[in-house]
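Every number in this text was worked out from the coordinates using simple rules, so none of it is lab data. Treat the numbers as computed from the prediction; the structure is a model and nothing was measured. So basically every Cβ, Gly included, is an ideal-geometry build from the backbone, and we count neighbours across all protein chains shown.
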Amino acid sequence: MRRASREWQRLGERCMERLLFAGSLSGIVTLGAMVVFTFAAGLPVILRTGLGRFLLGQHWRPLEGEFGIAAMVVGSVFVTLGALAAAVPLGLGTAILLSEFAPPWVRRIARPAVELLAGIPSVVYGFYGLVVIVPLIRQHLGGVGFSILAGSVILAVMILPTLITIALDSLRQVPDSYRQGSLALGATRWQTVRRVVLPAARSGVVAAVVLGAGRAVGETMAVLMVTGNVAVLPESILSPVRTLTGNIALEMGYAAGEHQQALFASGIVLFILTMILNGLIQLRRVGRVAR
């Protein structure tokens, strides 16, 4: 009886292992198929136009055969950097507060509230930016309101849950013996955080920033609603811009021929940017293991 039970248990374990392997393999195959399809559809227009003209060209005129995405690349970079400039200090400060200074009951309330922000649809953030942020910028700072600044503010709020959650987990994983040893040597709590805890959690904090940047680069709907979608190089943070994701979302519905290929080529650029960000995390982890 026991032998039959053990055999059934082993059979169940083997079935579960194969199911998990099949699930992992299907994910890899799906990703590979997406990559192959995107590159196959986008590379022809890059080869015809030339990589330099495609990346550095300032004119996006699909009907005239001009496919320069420099304005969209600059828009994506500026909006992302603006979001990081606002979100990183706030997110890291919140993580430090919840990890090192806040009482446990505050942490139990604040963390679910922060995680709830990640579940709000991006179109809700975009609608809030359209109704509140854009008019505020127009009235108090000038311009049309639809701008890099508006997109950065919305993206900063959207990436805060990622930054806070990952940074908080990294800080909580630092052994308490580090803190106790620092305090025993006469350091204050803030000196302990700044000189002991943060350096020990540096890898996780960097990963939080890079993942937040990846989220900001790939965001579409909210940015589409508040940046103005003008495919020209911006003159200031109050200028309207169009991001790569916004350009794809706006034009893919009616694009055909070379126009459609150019949009897929923009997807290749986004894919490479995302791979670079993920590669930074992997290099950081390899460097930490090597040390």
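Brief remarks on what is shown
- Adding -39500 (n - 2.57) for every DSSP H run of four residues or longer, then dividing by how many residues the chain holds, sets the calculated 222 nm ellipticity at -24000 deg cm²/dmol.
- Efficiency of FRET from Cβ geometry, L97 and L25, R₀ 41 Å, rounded to 0.05: 0.45
- Packing, taken as the mean count of other beta carbons within 10 Å per residue, orders the peptides 65-75, 169-179 from highest to lowest as 65-75, 169-179.
- Applying Stokes-Einstein at 37 °C and 0.692 mPa s to the Kirkwood radius of the stretch 70-290, computed over alpha-carbon pairs, gives a translational diffusion coefficient of 174 µm² s⁻¹.
- Ranked by how many other Cβ atoms sit within 10 Å of their own Cβ, fewest first, the residues H140, H259 fall in the order H140, H259.
- Segment R53-A40, length gained on full extension (0.36 nm per residue, minus Cα span): 2.7 nm
- Under 14 Å, Cβ to Cβ, from L63 - net charge with Lys/Arg +1 and Asp/Glu -1: -3
- Euclidean distance between Cα centres, the stretch 156-206 to the stretch 231-264, Å: 40 Å
- Two-decimal log10 I(q)/I(0) for the stretch 2-49, as the Debye equation yields it once each C-alpha is a single scatterer, q = 0.19, 0.21, 0.23, 0.31 Å⁻¹: -0.70, -0.75, -0.80, -0.98
- Förster radius 30 Å - calculated FRET efficiency between L81 and R189, Cβ distance, rounded to 0.05: 0.40
- Sorted by Cβ density within 10 Å, fewest first, the residues V196, V29: V29, V196
- Label point distance in nm, L90-H259, each placed 7 Å from Cα along Cα→Cβ: 3.8 nm
- Shown in residue order for the stretch 229-234 are the 3J(HN,Hα) couplings computed by the Karplus curve 6.51 cos²θ - 1.76 cosθ + 1.60 at θ = phi - 60°: 6, 9, 7, 9, 5, x Hz (x for Gly and Pro).
- Label point of E66 set 7 angstrom out along Cα-Cβ; within the stretch 221-249, amide nitrogens under 15 Å from it belong to 231-233.
- Rounded FRET efficiency, nearest 0.05, which uses the C-beta distance separating M221 from V132 and R0 of 22 Å: 0.85
- Among L51, L90, L211, the residue with the largest mean-square fluctuation in a Gaussian network model of the chain, with springs joining Cα atoms closer than 10 Å, is L51.
- Measuring nothing but how far apart in sequence close Cα pairs (under 8 Å, 6+ apart) lie, relative to its length, the chain scores a relative contact order of 27 percent.
- Residue exposure sequence - R61, R107 - by fewest surrounding Cβ within 10 Å: R61, R107
- DSSP H segments from the chain that extend 15 Å or more along their own axis, Cα-based, with Kyte-Doolittle mean of -1.0 or above: 2-49, 70-96, 104-118, 148-172, 202-218, 258-290
- The peptide list 183-192, 157-166, put in order of mean Cβ contacts within 10 Å with the highest first, becomes 157-166, 183-192.
- Under 5 Å, built H, 5+ apart or other chain: amide partners of F67: R61
- For the chain, built as a Gaussian network whose Cα springs stay under 10 Å, the top-fluctuating residue of V114, V77, V223: V114
- Surface/4 estimate of mean projected area, convex hull on alpha-carbon atoms of the stretch 139-223, nm²: 7.5 nm²
- Fluctuation leader among G246, G93, G50 - the chain, Gaussian network, Cα springs under 10 angstrom: G50
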